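Notes to accompany the following structure.
Laboratory data are not the source of any read-out in this text; all were calculated from the coordinates shown. All values derive from a computational prediction rather than experimental measurement.
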Amino acid sequence: MKKIIGFIAFLVLMITLLPVQQAEASTGHHTVKVDTKLNVREKPSPRAKVVGSLKNGAVVYVYSTEPGGWSKIKYNNKAGYVASSYLVEQGSYSPPNKNIDYYYYGDWGYSSASNLNVRTAPSKNGKVIGQLQRYEDIYIYGTYSNGWAKVDYYGRTAYVSSDYLIY
């Protein structure tokens, strides 16, 4: 009996001395930091179905954190979950041109136009990577005085004409 009590006391002592660290991201925008790719899962579990993946450097918006080190994000217009330990909180918002004023909003808005081009740069010369439909939600980081807005487009930083955004 003394051995059992001693063993239990030893286990309790070890559990209290071992640091338990769960990677936990705060809500807001984060950058993905991985060597290969980060799986996006249907549920907050390593055994849940993989619904997609994110590349290193992708920007995601974390809505909430879940037990076990998971972050809830929006992926392809649906909720998805990623391991929080691969996310780094974003901290700087800088305009591409120092001569252009940048106004930080950091809030949701939507497109007032159908087929609003989403580009890789804040210019008509930026490569078109997609289109927003009328009333489609988009996270707006901020706007530039030259008529462009910096947005989150499916985990990727992109740009649209701010004339067609409602926020």
In sequence order, calculated HN-Hα J values of the stretch 36-46 (Karplus, 6.51, -1.76, 1.60; Hz; x Gly/Pro): 10, 8, 10, 6, 9, 10, 5, 9, x, 7, x
Which of rounded, prolate, oblate describes the stretch 108-167, given a ≥ b ≥ c as roots of the alpha-carbon gyration tensor eigenvalues and a/c under 1.5 marking rounded, otherwise prolate only if a/b is larger than b/c? rounded
If the chain between Val128 and Asn76 were fully stretched, how many nm would it gain, using 0.36 nm times the residue separation less the Cα-Cα distance? 16.9 nm
Long-range amide H partners of Ala113 with built H, under 5 Å: Tyr135
